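Written below as structure tokens is the structure these notes are about.
The values are calculated or read from the model by the stated rules, or taken from the named source; none is laboratory data. Note that the structure is predicted; figures quoted are calculated from it, not measured. Please note: Cβ atoms are built from the backbone with ideal geometry, for glycine as well, and neighbour counts cover all protein chains shown. In case anyone asks, the SASA skips ligands and DNA or RNA and just uses the protein heavy atoms, side chains included. Shrake-Rupley method; radii C 1.70, N 1.55, O 1.52, S 1.80 Å.
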Amino acid sequence: MSSKAAVAKTRIKNRIKDIVKNPYHMIILLSLISLFLLIVLPMIFMVKNTFVLSANELRRVSGKEVGDFTLYYWQYLLASKLSAAHLITPFKHSLTIAFFVTVLAVPLGFGLAWLMVRSDLPGKKWLTIGIMIPYMIPSWCKSMAWLAVFRNGRGGAPGFLAGLGINVPDWLAYGPTAIILCMVLHYYAFTYIMVSGALRSVNSELEEMAEIQGAKKMDILKQITMPMVMPAVLSSAIMTFSKAIGSYGVAANLGLRISYYTLATKMHDFIGTGSAQVGYCMAILLITLASGTIIANQIFIGTRKSYETIGGKGYRSTSIRLGKSKYSIMTVLGIFLFVAMIVPLFILLMETFQVNTGRGYGLDNLTLYNWIGRLEDASGMINYAGIFRNEAFFKALYNTVKLTIIGSVITAFCGQLLGYICSRGRGKWYGNLVEQLIFLPYLMPAVAFSAIYLSMFSRSYGPIPSLYGTFTIILLATVVKHIPFASRSGTANMLQIGKSLEEAADVAGSGFVRRMTKIVIPLAKNGFLSGFLLVFISIAKELDLIILFMTPSNNTLSYLAFEYSKEVLPQMADAISVIVLAFVLVTYLTASKITGTDLSKSWG
Amino acid sequence: MSRIELAHINKHYGSNHVLKDINLTIEDGDFMTLLGPSGCGKTTTLRVIAGLERPESGRLLIDGEEKINSETAFYSEPSERNLNLVFQSYALWPHLTVFENVAFGLKIKKLNSMAITKHVTHALERMHIGELAKRYPNELSGGQQQRVAIARAIAYSPQLLLLDEPLSNLDAKLRMDMRVELKRLHQELGTTIVYVTHDQVEALTMSTKIAVFSKGCITQLATPKELYMNPVNLVNADFIGNPRINFIEAMGKKIKDGIRIACSLGDYEFDREAFTDEIPVEKDFACIIGIRPEQITIAEAQGETLIPAIVDTNQFAGSETLITVKIGEESLMIKEIGMERYRVGQTVYLEIKPERCNVYAKASGQLIKCAGQ
């Protein structure tokens, strides 16, 4: 053997030894494999499935067998007589909703952010709470509250306004207007969070410098402040658009009653009752649309996403005086928040105590039946027991708690691990790859993401059985969908632990395991807890993601509420919404008390 | 005590070639300073020695033992190199007390608790911070944290101590104290020290040898005195020395038995032997004369070899005075010990010893004439 060959052999041996012996490398390898199996592969599968003929459509395509290559599904969706009804109209609806939500929510969020951060508005503390609470309320709960206020006589359970004798037209109670307004009241928070963060990072000295140079207040706002927060405004507009276009819960709850379909609800319809493959085609379109906007944003304005403001020295932030108008602004804002946030929630809560909705709050119309009534005491048409006597409720509660706890433990743990890889692998190929892979689920609308999993796991692969209808598939989808969020918090957490702290331990002779247990984990503990709680809340209120996986045995609370609402049992739906709301709020408050976590971080 | 040999080390960050064929031998007991501006590769070199970076090519020997061999993809772990490191950020573990920070490595080495206590106490006392043992890092001042970081590094008397800009986060006075402290430590421990800094004063005061880095290459390896007297090129000459060296444009001409250099200060003739091999091949060539500010003396009375000049500015700096003078268009910086004595606009007379000057070829920037003693 020549010496060259010997060198090459030792080289390969050392390489392999290095990878196998080092737990860090093994973790990276395993993470990459898992991410590939759980994110990339299912996507490839779904795309492939849309080209493969399934048994249901066998009769419609002549001369082919099950499993053959076919363009039937795409043709059916894109170029058939039904395209207009199945694709074009829902597509227009989705675009309309996304467009108006963006146009309304972004200025609202921006205005609120500016007032709260930069102005001397009185009563900021209370107003901020009023602005923050809607973050915590899941969007589908908002649609429940909307129905509680605006529901007209359709289906036999009038809402608050109808009960006052006001004839609420269909176009206001249901459909695009309702959907858009509900979403605006949800998604404005995106802009609010991003812009107020950007505004806070604008050093007052930059503005003061402009003032010294002789610029007027408006000029400073226009030429200094606005350009500096513009990237944040643009990104929030893109995010809002992308989220609104793929949102399911609100659009379904407020649109389906009058057969107003969006891409997301139509897709759900196809997968549930029509041709699943066509539904998958729609899911692909939806993903392309939603992620396309975000990716385009990153390509075109990504490089100047945020301005690095020079840190280090503490800087002051002086507020801008509003003058006399500040009290009237405060009043208007207070009334707006009260009417838009507090009143609907109050009406939602009160409905749970009403015998008949829309009949006012007289003593004869108030009852605890919806909470604790027994079926044998039921009056009239009611054939459900109050939720605390209702087996379906306890089952859903159990499922929700189980999913939330197991899901958030796994997600938070994976998030920290992936965060560790991302933070330590910054600028290295594997760090970048992991970062990009875990970003993928974030780009996809939740309902389309679950379609991917449904498409992949609703059949068996050798020893792996079909997961359809199991807890496992819900758990898998939940974990993977929340991983971007968890690992972002994990990365931030790990970045706080300076690399040199580990290197110092390394030099001192500690191996990977010891470094983890003695240095990283003790320091990461707090970050882990807050990351865990944020994921916990997010999973507890999830609806869009799990709706496709629901079977009678694995209902969750959010799904049960949604079902009751569909069956026009508003009191039951509301009672469950109240429970979820209370659960989320209490967790938030505990979380911020215990860990000092910023509430705004868990919104999505 | 360690002898370190780096051979043909190359390192890339993406497409950025940060270390370009680094060859460096650090002798046993040396205080070797890696000096250079930021981004020149000095910290990367230190991290290669420590085992925190893996170069794509090259070899590293510590005491003759192979620690890196890129050909066989062999990279030994940092812990197998018997060295210790002080980070610029100190890297004190915030969740451990001072004592626990220093004891960490000793516990890994499985020393018994008696020995650990002895070593830790000794190290803390050596750094005069024995009373801080129970505190947490965030309860310490910057200077105290610095001492803890060093105490942690020397607790188990490593063969090799690596320091990465350890003084850059301290204020000027503390930095001065720590320089003395580090020099004392080096003499006491006899350990080989590799010290990274961009501060030439630190390099000149503490080192036994200095390696000057520029854009990923070592441009000069010399003792502090040699480096100061004869920087090998214009970049190093400009970088070393505060106040900066004076550069004067000149023309060189090869004459019968020597070289004549003509500049605005006059003509100088030198022997052939005074010149290095870097001398340009042409008969006439452009060159640059380098004169340190303290090598020029000022006389107020006219003299035969003296050069008249006009005082331009006058900066009083305590123990010394910095004077700029003009000779025609040429501006020169002069450093005099003591208080100022000159008016702006006054005519003074300069004495320059040509043998003390450096001469550089203008085209290559390389030193062609060394300064004599």
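Return the total of residues in region B:210-222 being without any contact (Cβ under 8 Å) to a residue 60 or more places away in the chain and touching a Leu at 6+ places or on another chain (Cβ under 9 Å).
Going through region B:210-222 one residue at a time, the tally reaches 1.
Which residues, taken from region B:114-141, are among the hydroxyl-bearing types (Ser, Thr, Tyr) and either within 13 Å of chain A (Cβ to nearest Cβ) or in contact (Cβ under 8 Å) with a residue 60 or more places away in the chain (or both)?
B:TYR136
Identify, please: which residue in region A:45-61 is modelled with pLDDT under 85 and open to solvent by less than 90 Å² (accessible area, probe 1.4 Å) and is, among those, farthest from A:SER450 (Cα to Cα)?
Step one: of region A:45-61, the residues modelled with pLDDT under 85 are A:54-61.
Those still in the list that are open to solvent by less than 90 Å² (accessible area, probe 1.4 Å) too: A:54-55, A:57-58, A:61.
Numbers: A:SER54: 20, A:ALA55: 22, A:GLU57: 23, A:LEU58: 25, A:VAL61: 28 Å.
For region A:45-61, the residue satisfying everything is A:VAL61.
Which strands (runs of 3 or more DSSP E) sit wholly inside region B:1-87 and have at least 1 residues that are open to solvent by 20 Å² or more (accessible area, probe 1.4 Å) and of a type in the set (S, T, N, Q)?
In region B:1-87, B:4-13, B:16-26, B:57-62, B:65-69, B:83-86 are the strands (runs of 3 or more DSSP E) which contain 1 or more residues that are open to solvent by 20 Å² or more (accessible area, probe 1.4 Å) and of a type in the set (S, T, N, Q).
Out of all the residues in region A:244-259, which are touching a helix residue (DSSP H, G or I) at 6+ places or on another chain (Cβ under 6 Å), outside any helix (DSSP H, G or I) and either over 17 Å from A:SER577 (Cβ atoms) or of a type in the set (Gly, Ala, Ser) (or both)?
Within region A:244-259, just A:GLY246 meets the criteria.
So, A:LEU337, is that one surrounded by 13 or more Cβ atoms within 10 Å (Cβ to Cβ) and either modelled with pLDDT of 80 or more or basic (Lys, Arg) (or both) or not?
Yes, satisfied.
Under 8 Å by Cβ, and 6 or more places apart or on different chains, what pairs join a residue from region A:22-48 that is under 22 Å from A:ALA446 (Cα atoms) with one that is at pLDDT below 90 and open to solvent by 30 Å² or more (accessible area, probe 1.4 Å)?
Hits for this filter: A:ILE39/A:LEU440; A:VAL40/A:LEU440; A:MET43/A:LEU440.
Please verify whether B:LYS225 is basic (Lys, Arg) and in contact (Cβ under 8 Å) with a residue 12 or more places away in the chain, treating the condition exactly as stated. It would help to see each step written out before you state the result.
Working: basic (Lys, Arg): yes; in contact (Cβ under 8 Å) with a residue 12 or more places away in the chain: no.
No; evaluated as a whole, the condition is false for this residue.
Mind listing just one residue for me: the one in region A:487-499 that is open to solvent by 20 Å² or more (accessible area, probe 1.4 Å) and within 27 Å of B:ARG81 (Cα to Cα) and, of those, nearest to the other protein chains (Cβ to nearest Cβ)?
Checking each candidate, the answer is A:GLY498.
For region B:91-136: of the residues being in a helix (DSSP H, G or I) and polar (S, T, N, Q), which is surrounded by the fewest Cβ atoms within 10 Å (Cβ to Cβ)?
Out of the qualifying residues, it is B:SER113.
Assess whether A:LEU30 counts as being open to solvent by 80 Å² or more (accessible area, probe 1.4 Å) and either part of a helix (DSSP H, G or I) or modelled with pLDDT of 85 or more (or both).
yes
Of all residues in region A:113-139, which are touching a Gly at 6+ places or on another chain (Cβ under 8 Å), open to solvent by 10 Å² or more (accessible area, probe 1.4 Å) and within 19 Å of A:LEU348 (Cα to Cα)?
Correct list: A:GLY130, A:SER139.
Suppose the filter is among the hydrophobic types (A, V, I, L, M, F, W, C), open to solvent by 40 Å² or more (accessible area, probe 1.4 Å) and either at pLDDT 80 or above or within 24 Å of A:MET444 (Cα to Cα) (or both); does A:MET330 pass it?
Details: among the hydrophobic types (A, V, I, L, M, F, W, C): yes; open to solvent by 40 Å² or more (accessible area, probe 1.4 Å): yes; either at pLDDT 80 or above or within 24 Å of A:MET444 (Cα to Cα) (or both): yes.
Yes.
Show the residue pairs that are 6+ apart or on different chains and have beta-carbon atoms under 9 Å apart, the first residue being within region A:500-517 and within 7 Å of chain B (Cβ to nearest Cβ) and closer than 19 Å to A:ASP18 by Cα, the second being among the polar types (S, T, N, Q) and open to solvent by 10 Å² or more (accessible area, probe 1.4 Å).
A:ASP506/B:SER79; A:VAL507/B:SER79; A:VAL507/B:ASN84; A:GLY509/B:SER79; A:SER510/B:SER79
What single numbered condition from (1) over 21 Å from A:LEU467 (Cα atoms); (2) in a helix (DSSP H, G or I); (3) open to solvent by 20 Å² or more (accessible area, probe 1.4 Å) fails to hold for A:VAL568?
Only one criterion is unmet by A:VAL568, namely (2).
Working carefully through the options A:ASP506, A:ASP574, find the one that is within 19 Å of B:HIS95 (Cβ to Cβ) and assigned to a helix (DSSP H, G or I). Full working, then the answer.
Details: A:ASP574 fails: within 19 Å of B:HIS95 (Cβ to Cβ).
Step by step, each of A:ASP506, A:ASP574 is checked, and only A:ASP506 is within 19 Å of B:HIS95 (Cβ to Cβ) and assigned to a helix (DSSP H, G or I).
If a residue has to be exposed (fewer than 15 other Cβ atoms within 10 Å of the Cβ) and in contact with a Phe, Trp or Tyr (Cβ under 8 Å, 6 or more places away or on another chain) to count, how many in region B:290-331 make the cut?
Result for region B:290-331: 6.
Restricting attention to region A:62-71, which residues are out of contact with any helix residue (DSSP H, G or I) (no Cβ under 6 Å at 6 or more places or on another chain) and open to solvent by 40 Å² or more (accessible area, probe 1.4 Å)?
A:SER62, A:GLY63, A:LYS64, A:GLU65, A:GLY67, A:ASP68, A:PHE69, A:LEU71
If I filter region B:56-113 down to residues being facing chain A (nearest Cβ under 10 Å) and farther than 19 Å from A:ALA505 by Cα, which single residue comes out as farthest from the chain's Cα centre (by Cα)?
B:THR72
Of the numbered conditions (1) small (Gly, Ala, Ser); (2) open to solvent by 20 Å² or more (accessible area, probe 1.4 Å); (3) within 14 Å of chain B (Cβ to nearest Cβ), A:SER553 fails exactly one; give the number of that condition.
(3)
So, in region B:1-28, how many residues would count as being small (Gly, Ala, Ser) and either within 21 Å of B:VAL201 (Cα to Cα) or within 14 Å of chain A (Cβ to nearest Cβ) (or both)? Walk me through it before giving the result.
Kept after step one, since they are small (Gly, Ala, Ser), are these residues of region B:1-28: B:2, B:7, B:14-15.
Among the residues that remain, those that are also either within 21 Å of B:VAL201 (Cα to Cα) or within 14 Å of chain A (Cβ to nearest Cβ) (or both) are: B:14-15.
Matching residues across region B:1-28 total 2.
Sort out for me the helices (runs of 4 or more DSSP H) sitting completely within region A:52-164 that have 1 or more residues that are touching a strand residue (DSSP E or B) at 6+ places or on another chain (Cβ under 6 Å).
Output list reads A:89-118.
Among the residues of region B:140-196, how many are of a type in the set (Val, Ile, Thr) and part of a loop (DSSP other than H, G, I, E, B)?
1
Just one of (1) within 30 Å of A:MET516 (Cβ to Cβ); (2) surrounded by 14 or more Cβ atoms within 10 Å (Cβ to Cβ) trips up A:VAL40, so point out which.
(2)
If the Cβ limit is 7 Å and pairs must be 6+ apart or interchain, which residue in region B:335-362 that is in contact (Cβ under 8 Å) with a residue 24 or more places away in the chain pairs with which residue that is open to solvent by 20 Å² or more (accessible area, probe 1.4 Å) and in a helix (DSSP H, G or I)?
Sorted first by the residue in region B:335-362, then by its partner, the pairs are B:LYS335/B:GLU294; B:LYS353/B:GLN295; B:ARG356/B:GLN295; B:TYR360/B:LEU234.
Of the numbered conditions (1) within 30 Å of B:PHE104 (Cα to Cα); (2) part of a helix (DSSP H, G or I); (3) free of Cβ contacts under 8 Å to residues at least 12 places away in the same chain, A:GLN436 satisfies every one except a single condition; which is it?
(1)
How many residues does region B:150-167 hold that are among the small types (Gly, Ala, Ser), open to solvent by less than 40 Å² (accessible area, probe 1.4 Å) and at pLDDT below 90? First the steps, then the outcome.
Filtering region B:150-167 for residues among the small types (Gly, Ala, Ser) gives B:151, B:153, B:155, B:157.
Those left that are additionally open to solvent by less than 40 Å² (accessible area, probe 1.4 Å): B:151, B:153, B:155.
Still in the list and also at pLDDT below 90: B:153, B:155.
Going through region B:150-167 one residue at a time, the tally reaches 2.
Look at A:SER558 and say whether it is more than 14 Å from chain B (Cβ to nearest Cβ), surrounded by fewer than 21 Cβ atoms within 10 Å (Cβ to Cβ) and in a helix (DSSP H, G or I). Break it down stepwise before answering.
Details: more than 14 Å from chain B (Cβ to nearest Cβ): yes; surrounded by fewer than 21 Cβ atoms within 10 Å (Cβ to Cβ): no; in a helix (DSSP H, G or I): yes.
For A:SER558, the condition - more than 14 Å from chain B (Cβ to nearest Cβ), surrounded by fewer than 21 Cβ atoms within 10 Å (Cβ to Cβ) and in a helix (DSSP H, G or I) - is not met.
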